[in-house]
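A.B. asks: Structure incoming, see below.
Each reported figure results from applying straightforward, stated rules to the coordinates on display, with no laboratory input. Quick caveat, the model's predicted, so the values are computed rather than measured. So basically every Cβ, Gly included, is an ideal-geometry build from the backbone, and we count neighbours across all protein chains shown.
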Amino acid sequence: MRSQPASLPLAPGKQDQTVIEVKDLNKAFGDNKVLQGFNLELKKGENLVVLGKSGSGKSVLIKCIIGLLAPDKGSIHVLGESIPDLNESELDKIRVQIGFLFQSNALYDSMTVRDNLEFPLRRHWMQNATQDVDEMVMEALSDVGLVHTVDMMPIELSGGMRKRIALARTLILKPGIILYDEPTTGLDPITAREISELIVDIQKKYKASSLIITHDMRCVEITADRVIILVNGRCYATGSFEELKRSTDPQVKHFFD
């Protein structure tokens, strides 16, 4: 289960539809070599989890994928575009097609829930949209079960509700790809499970391709179609949750003990 990761079978017609491809990715900060030849392929409609300990380079990986950090070596292709070769204007066009759920939620405290959800619409308005803004806001809130919060302020919401609102804002532009950065961190076990199950619901409804960065094993078990274990900057092992759970490799077993 090492060195030569193999993807699990996908539904018919999806096998060759790669939406994110990372090859031989290297990123260092001074003498700290964070990513060392990391490889990843996210298939259309797949929930792919990157599992690693805190400080292993998971967040650096996401920042490289969306063009916030430039790799030292290697290639990153998103929807067929080479991310390191794009200028800011070209990156913005790609980012509209990528939803990003921040670990901190990144809601604007001075704005109502409605205003928070309208913000990406004002910034990236879709001229061919067939819905008006209010319909899009209410649909996104319905997806996360929080229609009644539309005129509330973030401070009035629980941590789990704020996470759901952040996810609703991510969904409002109907991105084909969603990146989840530690989606259950800081949540109680019941709320964390609800968020994990919501990630699966979103995948089913929108056929979204999702890259989930986490060290929460319960989240991995619920959400993952396939798991990559990140160790020492490399893709150390890959497989389904159950396949990896049965592994006798000490480096893999460490995550399941």
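A.B. asks: Between the DSSP loop rule and a limit of at most 15 other Cβ atoms within 10 Å, which trypsin sites (Lys or Arg not before Pro) in region 211-257 are left?
C.D. replies: Numbers: sites: 218, 226, 234, 245, 246, 253; in loops: 246.
Taking region 211-257 and a limit of 15 other Cβ atoms within 10 Å, the loop trypsin sites (Lys or Arg not before Pro) found are 246.
A.B. asks: Here is the link list: 93/207; 63/205; 58/93; 204/253; 163/245; 33/63. Which ones come out longer than 19 Å on Cα distance? Intermediate results must be reported in sequence, preceding the final value.
C.D. replies: Numbers: 93/207 21 Å; 63/205 27 Å; 58/93 24 Å; 204/253 30 Å; 163/245 29 Å; 33/63 16 Å.
Going by Cα-Cα distance, 93/207; 63/205; 58/93; 204/253; 163/245 fall outside the 19 Å limit.
A.B. asks: Select from 102, 51, 251 the residue farthest towards the positive end of the dipole of the chain; place +1 on Cβ of Lys and Arg, -1 on Cβ of Asp and Glu, and compute about the Cα centre.
C.D. replies: 251
A.B. asks: Which shape class applies to region 132-257: rounded if a/c is under 1.5, otherwise prolate when a/b exceeds b/c and oblate if not, where a ≥ b ≥ c are the square roots of the Cα gyration tensor eigenvalues? Kindly include the intermediate steps, with their values, before the conclusion.
C.D. replies: Working: a/c = 2.83, a/b = 2.00, b/c = 1.41.
Judged from the Cα gyration tensor, region 132-257 comes out prolate (a/c at least 1.5, a/b above b/c).
A.B. asks: What is region 109-174 by shape, rounded, prolate or oblate, if you read a ≥ b ≥ c off the alpha carbon gyration tensor as root eigenvalues and call it rounded for a/c under 1.5, prolate for a/b larger than b/c, and oblate otherwise? Each step should come with its number before you reach the end.
C.D. replies: On the way: a/c = 2.07, a/b = 1.69, b/c = 1.22.
Here region 109-174 falls in the prolate category.
A.B. asks: If you don't mind, another one. Percentage of Cα-Cα pair distances in region 208-257 greater than 16 Å, rounded to whole percent?
C.D. replies: Values: 420 of 1225 pairs.
It works out to 34 percent of all Cα pairs.
A.B. asks: In whole Å, what three semi-axes, largest first, describe the equivalent ellipsoid of the chain built from its Cα gyration tensor (square root of 5 times each eigenvalue)? Spell out each step's value before the answer.
C.D. replies: On the way: eigenvalues 179, 91, 61 Å².
They are 30, 21, 17 Å, listed largest first.
A.B. asks: Full extension from residue 256 to residue 85: what is 0.36 nm times the residue separation minus their Cα-Cα distance, to one decimal in nm? Each step should come with its number before you reach the end.
C.D. replies: On the way: separation 171, 0.36 × 171 = 61.56 nm, distance 3.87 nm.
57.7 nm is the gain from fully extending residue 256 to residue 85.
A.B. asks: Under a plain spin-label model, where a point goes 7 Å from the Cα along Cα-to-Cβ, how far apart in nm are residue 134 and residue 92?
C.D. replies: According to this spin-label approximation, the distance is 2.9 nm.
A.B. asks: According to the square roots a ≥ b ≥ c of the eigenvalues of the Cα gyration tensor, what is the shape class of region 72-116, taking rounded for a/c under 1.5, prolate for a/b larger than b/c otherwise, and oblate for the remainder? Don't jump to the answer; show the numbers that get you there.
C.D. replies: Numbers: a/c = 3.10, a/b = 2.35, b/c = 1.32.
In terms of gyration-tensor shape, prolate.
A.B. asks: Also, quick follow-up: Calculate the FRET efficiency for residue 246 and residue 17 from the Cβ-Cβ distance with a Förster distance of 25 Å, rounded to the nearest 0.05.
C.D. replies: Details: r = 29 Å, r/R0 = 1.16.
My answer for the efficiency is 0.30.
A.B. asks: So which chymotrypsin sites (Phe, Trp or Tyr not before Pro) in region 16-117 pass both tests, a DSSP loop state and at most 13 other Cβ atoms within 10 Å of the Cβ?
C.D. replies: For chymotrypsin sites (Phe, Trp or Tyr not before Pro) across region 16-117 that sit outside H, G, I, E and B with at most 13 neighbouring Cβ atoms in 10 Å, the list reads 108.
A.B. asks: Quick one: dipole size for the chain, taken about the Cα centre, charges +1 on Lys/Arg Cβ and -1 on Asp/Glu Cβ, in debye to the nearest 20. Mind showing how you got there, number by number?
C.D. replies: Values: 31 positive and 35 negative charges, 141 e Å.
It comes to approximately 680 debye.
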